[in-house]
Amino acid sequence: MNRLHKSTILLLTLLIACSPKKQEHSQIPETIIPVKTIAVVKQELNPDIYVSGQFTTEDESVLSFKNGGIVRTIYVREGDAIKKGQLLATLDMTEIDAITGQAEIVLEKAVRDYNRATSLYRDSVATLEQMQNAQTAMEIAQKQVANARYNRKTGSIYANRSGYVLRKFAQEGQTVGPGTPILQINGASQGKWVLKSGVSDFQWASIGVGDKAIITTDALPGKEIPGTVTARSEGSDPMSGTFWISISLAGNQHHGIAAGLFGKARVTVNKKVEAWTLPYDALMDSEKDKGYVFVLTDSNIVKKIPVTIDRLDQGKVIISAGLEGYDRVIMEGNAYLVGGMKVKVIE
């Protein structure tokens, strides 16, 4: 084969290789994900509401000194029983005693000056103004003595009720400022125990004062303590953003209970509320009381919307807000969806 013939074959081969291939498919068909939906209807619910919290009493007090100083003696320990009027702690009184003694000396001099000015005024030697100034100085000194003696009295902490010492915040020899917490006590000896629980806004709206409850705690296994909702907050906690309720233990049910113990309660609410009930699989990206679900529009286009979760109840999700205006929620196939996608509904 001559050289010219070889060149012609090579040129034809290159032309064939570079020519565009015929497309088998002119357009890739759009993928439509099959999904299953569930109809959602807002219903009246009157369920039991489960809450948790810590046991405390209605009369806890944090005790402190009015003035700062060095803690001299703390006479009680955590857990000790105390009686009303019992001496609990004292400050080192050296500085306070010195201030009190100084005020008393100033008062003695003021009294002498006033008596002398009065005598001279009677003899027409001192003027009325001089006598009145001496009287004013004496009255100021009296007030200073009264203030010093009051500060000396507040250098000791006395129990304002009978109960127990819950916590001790300071130690002997420690320097504390005015109002620094020293001891926390309660009136637990009177048996006024409550379970204080944080609740969501939906639960708060459902629970009312007077609703009955059953309380349990791991400290008393197998025991159910009856209780009644006796108080609820009128505003949310600025730190946690939650509301709270207080459940009082019925009768003399405080044996084995201590402040700070964790407890649970099943509250039977009397007020009926409206909410949506969804399968747990319908919920996406949940965190605390927030989550998302996919809803279906009339044109089979999905939309991802936020919802407010009230609670989980036996595998179901109770939704308190977010589904207004929607009647179908996607319960299967939602893991592959994004907002705005068209889907095929499988009955």
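Quick notes
- Just one of the listed residues (ALA205, ALA259, ALA213, ALA250) is under 15 Å from PHE55 (Cα atoms), surrounded by fewer than 17 Cβ atoms within 10 Å (Cβ to Cβ) and not polar (S, T, N, Q), and it is ALA250.
- From the options VAL111, VAL51, VAL106, VAL71, residue that is surrounded by 14 or more Cβ atoms within 10 Å (Cβ to Cβ), out of contact with any helix residue (DSSP H, G or I) (no Cβ under 9 Å at 6 or more places or on another chain), on the phi < 0 side of the Ramachandran plot and modelled with pLDDT of 90 or more: VAL71
- Residue in segment 225-246 that is loosely packed, with under 14 Cβ neighbours inside 10 Å and among the basic types (Lys, Arg) present: no
- Subset of segment 84-103 (residues that are free of Cβ contacts under 8 Å to residues at least 40 places away in the same chain, exposed (fewer than 13 other Cβ atoms within 10 Å of the Cβ) and of a type in the set (D, E, K, R)): none
The values are calculated or read from the model by the stated rules, or taken from the named source; none is laboratory data. No experiment lies behind these values; they were computed from the predicted model shown. Note that we place each Cβ from the backbone using ideal geometry, even for glycine, and neighbour counts take in every protein chain shown.
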